[in-house]
Amino acid sequence: MTLALERTNAPAEVVAAHQIPAVACADLRVPLVTGGDIAYANLDHAASAPCLDKVRSAVDEFLPWYASVHRGAGFASQVSTRLYERTRGILRDFVDARSTDTVVFTRNTTDSFNLLARSLPKHTSVVVFDTEHHAALLPWKGPNVRRIETPRTRLAAVSAVDEALAGCPQGPRLVVLTGASNVTGELLPVKEIAAVARRHGARIALDAAQLAPHRKISVRELDVDYVALSGHKLYAPFGAGALIGRADWLRAAQPYLAGGGATKLVNRDSENLDVVWNSGPERHEAGSPNTVGVYALGVACETLAANWDGIVAHEEELLARLRRGLAAIPGFAELRLFDAPVGRVGTLSFVVDGFDPGWLAAVLSAEYGIGVRDGAFCAHVATKRLIAVAGSTGQQAVRVSVGLGSTTEHVDRIVLALRQIVARGARWQYEKPEGRWVPENDPRELPPFCA
């Protein structure tokens, strides 16, 4: 299928090419319900980013050497252990952490924050905005958790944290904060909030799931204590993440999981087991670790770190083009945390008056080969509130997120597609049999490996 590119409100010039890492799905084509196929427009990077070519090649090279890590006498085990442990340093460098910071490998950001929540000293007060992703909103338990409403200005957000911390009881304190909203892409005032937190003797945990794939992070410059990130959002979709930060709370906590690898020594005394736990990061990494995923995450981080200038320029130009084009669509309303414009990564969410977001997403996929996200994005409080602020009555929105797999043609295609849908409707009939919109009598076939 070839789309007839009508004029959009985006400028006519072609976005300049930048030196950016290649992704493995660049040549992927998907079928259309109207017949034929089309190059896939992946505009859902905020959910899961595609695999980098370098990551895929590195994993393919490593797989013959894959073996158990730690305590293995075989040469392949020594290779695997070397790569696994070397990646801790790569992750530490990637976020410009302190030399004393520990790196604990996890499954993802959700896993990292649940680990940190289990490691807090008794009676720790936690302050967190209620518009956080559920990974950062839900793990904290107890009477000293304060979930505060996110104000409409950055300055007010800083003041809200200041006021919340001032009302906390004496004892350890932790502020949990996202670097970039997964709903709107807006950047939060991390450094300013960290300065306020320090005045109250609080630590800061940064949710970098959406920030790390788009911007260089410096733990030391931002003055935060913990950073959580996910490989599947960092172009390394092999199931690994990390919690990076100060070691004392993690060292003093009970192991996140009990099992092999977390133990230094186990003895049986009568009916009891005497267990001596490891004190390093492996204390919280029980069981055979995801060695391949960890290696992939390290390769991705090294690749991104060497290409920040091109990555940022690429995404900023695509995002500007996208926002200009979408803003001219009748009934379009973009969701925003803050009233005034702020810095942002390549993510935005919106509603179109009179159109169900799930239906829009289904039509974009089935008729135009465009992948977007619809729903409340695991940030239900934020999404519902911001939809109301935008003047809509719905509970869900559409999210578009660009990244290394996105192109100018993808951006122009979704702008054109939405204009056509709003003006003329869909060309196919859709139904909602199980709560999600799908094409009626969908003729498309899944790839053979899905059988």
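The values are calculated or read from the model by the stated rules, or taken from the named source; none is laboratory data. This is a predicted model, so every value here is computed, not measured. Note: ideal-geometry Cβ built from the backbone for every residue, glycine included; neighbour counts use all protein chains shown. Quick note on the areas: whole protein, heavy atoms, side chains included, nothing else; ligands and nucleic acids left out. Shrake-Rupley method; radii C 1.70, N 1.55, O 1.52, S 1.80 Å.
Among Val400, Pro21, Leu155, whose Cα sits farthest toward the positive end of the charge dipole of the chain (+1 at Cβ of Lys/Arg, -1 at Cβ of Asp/Glu, about the Cα centre)?
Most positive-ward Cα: Leu155.
Kindly report the accessible area of the stretch 154-217 per residue (heavy atoms of protein chains, probe 1.4 Å, no ligands, DNA or RNA), in Å².
Normalised by residue count, the accessible surface of the stretch 154-217 is 32 Å².
Determine how large the accessible area of Glu221 is when every protein chain is in place; take a 1.4 Å probe and give Å² rounded to the nearest 10.
Estimated to the nearest 10 Å², Glu221 gives 120 Å².
How much of the DSSP bridge set in the chain is antiparallel, in percent, rounded to the nearest 5?
Taking every DSSP beta bridge with both residues in the chain, the antiparallel ones total about 65 percent.
Report the relative contact order of the stretch 90-152, percent, no decimals, based on alpha-carbon pairs under 8 angstrom and at least 6 residues apart.
29
Could you give the length gained by full extension between Gln254 and Val266, i.e. 0.36 nm per residue of separation minus their alpha carbon distance, to one decimal place?
2.8 nm
Mind listing the long-range amide H neighbours of Asp374? Cut-off is under 5 Å, sequence gap 5 or more, other chains count too, H placed in the peptide plane at 1.01 Å from N.
Answer set, sorted by chain and number: Arg399.
Please give the calculated 222 nm ellipticity per residue for the chain, where each DSSP H segment of at least 4 residues contributes -39500 (n - 2.57) and the sum is spread over every residue; nearest 500 deg cm²/dmol?
After summing the helix terms and dividing by the residues of the chain, the value is -10500 deg cm²/dmol.
Within a Cβ distance under 12 Å of Asp225, other residues only, what is the Lys/Arg minus Asp/Glu net charge?
+3
Calculate I(q)/I(0) for the stretch 374-414 by the Debye formula, one identical point scatterer on each C-alpha and no solvent, and give its log10 at q = 0.18, 0.20, 0.27 Å⁻¹ to two decimals.
-0.61, -0.68, -0.83
Would you please give the residues with an amide H less than 5 Å from that of Glu431, counting only those at least 5 places away or on a separate chain, with H modeled from the backbone geometry?
It is Val438, Glu440, by chain and number.
Span-like helices, the chain: DSSP H, alpha-carbon axial extent 20 Å or more, mean Kyte-Doolittle -1.0 or greater, which ones?
For the chain, where a helix must reach 20 Å along its axis and average at least -1.0, the hits are 75-94, 291-305, 308-327, 408-424.
I'm spelling it out carefully: the read-out is P(r) over Cα pairs in 20 Å bins from 0, in percent, the candidates are (1) 16, 26, 18, 14, 14, 8, 2, 0; (2) 16, 25, 18, 9, 6, 7, 10, 8, 1; (3) 24, 53, 22, 1, 0, and one was derived from this structure. Which label?
(3)
Calculate the dipole size of the stretch 234-328 relative to its Cα centre from +1 charges on Lys and Arg beta carbons and -1 charges on Asp and Glu beta carbons; express the result in debye to the nearest 20.
Around 220 debye, computed over the stretch 234-328.
Over the Cα atoms of the stretch 48-103, what is the Rg over Rh ratio if Rh follows Kirkwood?
In the stretch 48-103, Rg relative to Rh is 1.05.
I want the local charge near Pro50. Using Cβ-Cβ distances under 13 Å, sum +1 for each Lys or Arg and -1 for each Asp or Glu among the other residues.
With Lys, Arg at +1 and Asp, Glu at -1, the net is 0.
Could you tell me what % of all Cα pairs in the stretch 327-451 have separations over 25 Å?
Tail of P(r) above 25 Å: 27 percent of Cα pairs.
Could you tell me how far the Cα centroid of the stretch 265-298 sits from the Cα centroid of the stretch 15-69, in Å?
33
Could you order peptides 384-395, 292-303, 182-193 by the average number of other Cβ atoms within 10 Å of their residues, highest first?
Going from most to least packed, we get 292-303, 182-193, 384-395.
Just the C-alpha atoms of the stretch 11-82: what Rg/Rh do they give, with Rh taken as the Kirkwood radius?
Over the Cα atoms of the stretch 11-82, Rg/Rh equals 1.20.
For the stretch 416-451 and the stretch 175-210, what is the separation of their C-alpha centers, rounded to whole Å?
Taking the Cα centre of the stretch 175-210 as reference, the centre of the stretch 416-451 is 39 Å away.
For the stretch 196-289, what D do you get in µm² per second when you plug the Kirkwood radius from alpha-carbon pairs into Stokes-Einstein at 4 °C and 1.567 mPa s?
D, rounded to a whole number, is 83 µm²/s.
Gly241's amide H: which non-local residues (gap 5+, or another chain) put their own amide H closer than 5 Å, with H modeled 1.01 Å from N in plane and none for Pro or chain starts?
Long-range HN contacts for Gly241: Thr106, Arg107, Asn108, Gly231.
I'd like the accessible area for Lys432: 1.4 Å probe, protein heavy atoms, all chains in place, Å² to the nearest 10.
100
Give the distance, in whole Å, between the Cα centre of the stretch 72-124 and the Cα centre of the stretch 322-394.
35
Can you give the alpha-carbon Rg of the stretch 221-272 over 2.2 N^0.38 Å, where N counts its residues?
1.66
Quick one: accessible area per residue over the stretch 342-451, 1.4 Å probe, rounded to a whole number of Å²?
44
Could you list the square roots of 5 times each eigenvalue of the Cα gyration tensor of the stretch 140-198, that is, the equivalent ellipsoid semi-axes, sorted largest first and rounded to whole Å?
Semi-axes from the Cα gyration tensor: 20, 13, 11 Å.
In the stretch 236-331, what trypsin sites (Lys or Arg not before Pro) fall in a loop by DSSP, with at most 12 other Cβ atoms inside 10 Å?
none
Just name one of Ser112, Asn182, Trp249: the one whose Cα is farthest towards the positive end of the charge dipole of the chain (beta-carbon charges, Lys/Arg +1, Asp/Glu -1).
Trp249
Roughly how many percent of the accessible protein surface of the chain is carbon and sulfur, given a 1.4 Å probe and a whole-percent answer?
Roughly 51 percent of what the probe reaches on the chain is carbon or sulfur.
Hey, what do the phi angles of the stretch 255-261 turn into as Karplus ³J(HN,Hα) couplings, whole Hz, using 6.51/-1.76/1.60 and θ = phi - 60°, x for Gly and Pro?
Those phi angles translate into x, 4, 10, 9, x, x, x Hz.
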